[in-house]
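Everything below concerns the one structure shown next.
The values are calculated or read from the model by the stated rules, or taken from the named source; none is laboratory data. Because the structure is predicted, anything quoted here is derived from the model rather than measured. All Cβ positions, glycine included, derive from the backbone under ideal geometry; neighbour counts span all protein chains shown. Ligands, DNA and RNA are excluded from the accessible area calculation, which covers all protein heavy atoms including side chains. Shrake-Rupley method; radii C 1.70, N 1.55, O 1.52, S 1.80 Å.
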Amino acid sequence: MLKRFVIWMLVLIAASSLSPLLRAQTAAANTAGNDQKWEQVPPERSAYAIKKKSAPAPRRDISGIWDALASGGIEAKGAAEHPALIKGHPQDELGGHADESLIEHPLPYTDAGIAALKEHKPSVGVRSVGPALSNDPVNGCDPPGFPRIELYDFREMQIEQTKTQVLMLYELDANYRVIWTDGRQLPQDPGPRWFGYSTGKWVDDYTFEITTIGLNPKSWIDHAGRPHTGDMKVVEQFHRVDFDTMELSMTISDPKYYSQPWQALNKFVLHRLPDDYDWLEYVCSPSDNVDYNNLVGDPVSNNQK
């Protein structure tokens, strides 16, 4: 995971040195040469700030390729609505706190939730530890799971709709989800899955709601190490604002660890990318992790001892 982050940052630095036309992914840039159609980088946030008239949202359609990066999809310090930071005290990013009681928007942990939280050792936020001490499961190439796939490293996603399913493809680790829309009920006693069992329905012509259960408790909710049980339920609402814009809200319920449901995303903006957009391959490779640790990780760990 660390290596992938380093590689991605190098790509972004390289992309930032290219022409504004390429960074904005305009039609003119795409016609400049075939290579520009491959391994594209999302536009910068400023590109979306330019006012332009969008076509109306299509009815009962959330399909397309969507950019989350420009809206802050990395969410490096935890879920967007509850970052593990103390407002006005950037030094607390260095960690050292036993819990999250001092953050600006604390979560409603139960006693069991607090105990589970303390078992997780993230490398970010008020509870962060050094890289050599973190027990983040993705560092060993475990899948990020859901909802973490949308609460950390949420870069681009592609949504396709069929008569019975909504398919969601993610850039991170080439992960995917299947959302069933054929009227089936969620399983009564689901076995754990990294991305759970999901059903979806239209709340209105422009709002699609997904309910997901049966999530593997080995995964973390977000990058700050928030825990969950196998009983967690996640409800997403994708609201199509217009042709080019969609808002994602997410609510998490897990009574064993949280005394009440809490909102992880609130109208998080997704921007539609061109239909010919091709994203980078961005996967966790165990063999690459070994190479990275030999070259970088182990020397850093030894220096910290």
Convert 20 °C to kelvin, take the viscosity as 1.002 mPa s, use the Kirkwood radius over C-alpha pairs of region 205-270 as Rh, and evaluate the Stokes-Einstein diffusion coefficient in µm²/s, rounded to a whole number.
167 µm²/s
Ignoring ligands, DNA and RNA, please state the percent of accessible area on region 100-201 from carbon and sulfur, probe 1.4 Å.
51 percent
Sequence-distant or interchain residues sharing an amide H contact under 5 Å with Ala264, placed H: which?
Met250, Thr251, Ile252
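For the peptides 183-196, 71-84, what is the packing order when you average, over each peptide's residues, the other Cβ atoms within 10 Å and list the highest mean first? Don't jump to the answer; show the numbers that get you there.
Numbers: 183-196: 12.7, 71-84: 21.6.
Those peptides, ordered most packed to least, come out 71-84, 183-196.
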For the pairs Lys163/Lys201; Lys77/Lys121; Lys121/Lys267; Lys201/Lys233; Lys118/Lys267; Lys77/Lys267, note any where the Cα-Cα span goes beyond 21 Å.
Lys121/Lys267; Lys118/Lys267
J(HN,Hα) series, region 110-118, from Karplus relation 6.51 cos²θ - 1.76 cosθ + 1.60, nearest Hz, glycine and proline x:
7, 4, 5, x, 4, 4, 5, 4, 5
